[in-house]
Amino acid sequence: MIPNYRDNKFQCPHCNTVATQEWFDADDAGSTAINIINHLYLNYRSSIESFYQKTIIQFLNVIDNELQKNLYQFCPKGFSVATCSSCEEFTLWVNEEIIYPKKTTVPVPNEDLDEDIKALYIEASNILIDSPKGATALLRLALQMLLKQIGKDGKKINVDIKELVSEGLSPTIQQALDLLRVIGNNAVHPGQINLDDNAEIAQKLFSILNFIADELITKPKELESLYADLIPLETQEHIKQRDKKK
């Protein structure tokens, strides 16, 4: 859940927990200050002479609007703060846009990706809130580079996917590849999918890229390592000879 202005709950960019958010802005400031003053007065009214009570109450009523006006000098109307109920850290908003912290709650890139692909992934995550379309375009490029990492040409994603399918690629992985390819193409060229104001779609693509990397890079790598560690060399050689036979 990407943070949205005035949402009661979203994924905190500090602790990554989906938690309730307590909002505070200029409109809240006046009422909060008045409540504090009234509370203090109620605590001490017993020690105040009775003939002062009416005057104090009149004063509290008068300052309500005046206090609200003056507080705008310190807490402008465009500023809002949301405090996370989980970690108690805050996000700062100006004109309904989050400006702090400038980071999103996407998963870290798959460790087995090449370093230049990880760099693109992180760059895309840094601009996700400000430019979902730009983040998606970078993820499309990352996919292109991922296909090259696994030995494909890396020039035309569609051709590489077709080749993988002909080699027996799982339909689930094919769908993930095409999902990222098609949405990525819409980010680069005008299409039917509008990404300008839809960070939720762009955010899901980070997990999809990691899923593809896990299936095409990490799992085969782990299996190859396990095979090399557990199968004796002599047996490996017998297997190779077996597979050479027609």
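For the cross-link pairs 102/219; 118/219; 156/244; 9/219, which exceed 26 Å when the distance is taken from alpha carbon to alpha carbon?
Table pairs above 26 Å Cα-Cα are 102/219; 156/244; 9/219.
With protein chains left intact and a 1.4 Å probe, residues in the stretch 97-243 average 58 Å² of accessible area per residue. Over all other residues within a Cβ to Cβ distance under 12 Å of residue 223, the charged ones net out to -2, with Lys and Arg as +1 and Asp and Glu as -1. Each of 209, 179 has its accessible area taken with a 1.4 Å probe; listed largest first, they run 179, 209. In order along the stretch 206-219, the phi-based Karplus estimate (6.51 cos²θ - 1.76 cosθ + 1.60, θ = phi - 60°) of 3J(HN,Hα) comes to 5, 5, 5, 4, 5, 4, 4, 4, 5, 6, 9, 10, 5, 5 Hz; Gly and Pro are listed as x. Taking amide H atoms as placed 1.01 Å from N in the peptide plane, the amide H of residue 10 lies under 5 Å from those of 19, 21, each 5 or more residues away in sequence or on another chain.
R0 = 25 Å: FRET efficiency of residue 150 with residue 227, Cβ-based, nearest 0.05? That gives a FRET efficiency of 0.90.
The stretch between residue 95 and residue 237 holds 44.4 nm of extra length on full extension. This uses 0.36 nm per residue minus the Cα-Cα distance. The order of the peptides 228-238, 143-153, 85-95 by mean Cβ neighbours within 10 Å, most packed first, is 143-153, 85-95, 228-238.
The values are calculated or read from the model by the stated rules, or taken from the named source; none is laboratory data. Since this is a predicted model, take the numbers as computed values, not measurements. Backbone-built Cβ (ideal geometry, glycine too); neighbour counts: all protein chains shown. Areas reflect the complete protein model, heavy atoms only, side chains present, ligands, DNA and RNA absent. Shrake-Rupley method; radii C 1.70, N 1.55, O 1.52, S 1.80 Å.
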